[in-house]
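**Q** Quick one: this structure, given as structure tokens, is what I'll be asking you about.
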Amino acid sequence: MPLLIDGHNLIGHTPDLSLSDPNDEAKLIARLKAYIARTGREITVVFDPDPDSDPAGFDYSRFREGRLEVIYAQAWQKADDVIREIVGEVKDRRGLIVVTSDGALANFTRQCGVRVRSSAVFEREMRQTLHAAPDEDEKPVAGASEINIWAEVFKEPKPVPKPQPSTPQPTPQERKRQRRMAQLKKQVRGGGQLR
């Protein structure tokens, strides 16, 4: 099932991340990518805009990398507003889980028929998944850019033309026999007699 995550809310419930860290969003995104690689889940994470951003100059940002979509709310919005919009637009609400510990957002989400998982519960699940030993059958998942790099490294070499088989050198006895046969042919063609 796809997950719709209130990004800063989850950071606030992650013991080794801090909202005061300027790289908190990048660290959470890296962790979510690792979680996706382990689980194959589809995730959308929504972040509040930077409080110091200029509303007129803030550029709404949304990007996707594989199964992870990252959305930054516009300067005059909150992540909660964006999540409400997404929940309102989703057709299969039973196939969606919203991750938040914000009471008002959780209540709205439940009223729309969408399941809610608290940020603290999801953080523990994510930590356990990332620290669990990989299954023997589990195969690592690579992105398109990594696949292209390895494909270049292990590129199939160009075929080398096969050398033409060389005729084996005759043995000394064979050369003697060939010379004798050539002499005999000359004598027969030239009208000579065989001796």
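The values are calculated or read from the model by the stated rules, or taken from the named source; none is laboratory data. What you are looking at is a predicted structure, and each value in this text was computed from that prediction instead of being measured. For neighbour counting, all protein chains shown are included, and Cβ atoms are generated from backbone atoms with ideal geometry for every residue, glycine included.
**Q** Could you please tell me which pairs satisfy a Cβ distance under 8 Å, a separation of 6+ or placement on different chains, a first residue in segment 94-105 that is closer than 8 Å to residue 117 by Cβ, and a second residue that is among the polar types (S, T, N, Q) and not in a helix (DSSP H, G or I)?
**A** Matching pairs, first to second residue: 99/118.
**Q** Does residue 5 satisfy the criteria of being buried (at least 19 other Cβ atoms within 10 Å of the Cβ), of a type outside the set (Gly, Ala, Ser), in contact (Cβ under 8 Å) with a residue 40 or more places away in the chain and not in a helix (DSSP H, G or I)? Outline the logic, then answer.
**A** Details: buried (at least 19 other Cβ atoms within 10 Å of the Cβ): yes; of a type outside the set (Gly, Ala, Ser): yes; in contact (Cβ under 8 Å) with a residue 40 or more places away in the chain: yes; not in a helix (DSSP H, G or I): yes.
The answer is yes for residue 5.
**Q** Quick one: what pairs do we get from segment 34-58, first residue over 30 Å from residue 129 (Cα atoms) and at pLDDT below 90, second surrounded by 13 or more Cβ atoms within 10 Å (Cβ to Cβ) and not hydrophobic (A, V, I, L, M, F, W, C), C-beta under 8 Å, 6+ apart or different chains?
**A** 55/74; 58/49; 58/74
**Q** Additional query: Return yes or no: is residue 31 surrounded by 12 or more Cβ atoms within 10 Å (Cβ to Cβ), under 22 Å from the mean Cα position of the chain (by Cα), modelled with pLDDT of 90 or more and part of a loop (DSSP other than H, G, I, E, B)?
**A** Numbers: surrounded by 12 or more Cβ atoms within 10 Å (Cβ to Cβ): yes; under 22 Å from the mean Cα position of the chain (by Cα): yes; modelled with pLDDT of 90 or more: yes; part of a loop (DSSP other than H, G, I, E, B): no.
The answer is no for residue 31.
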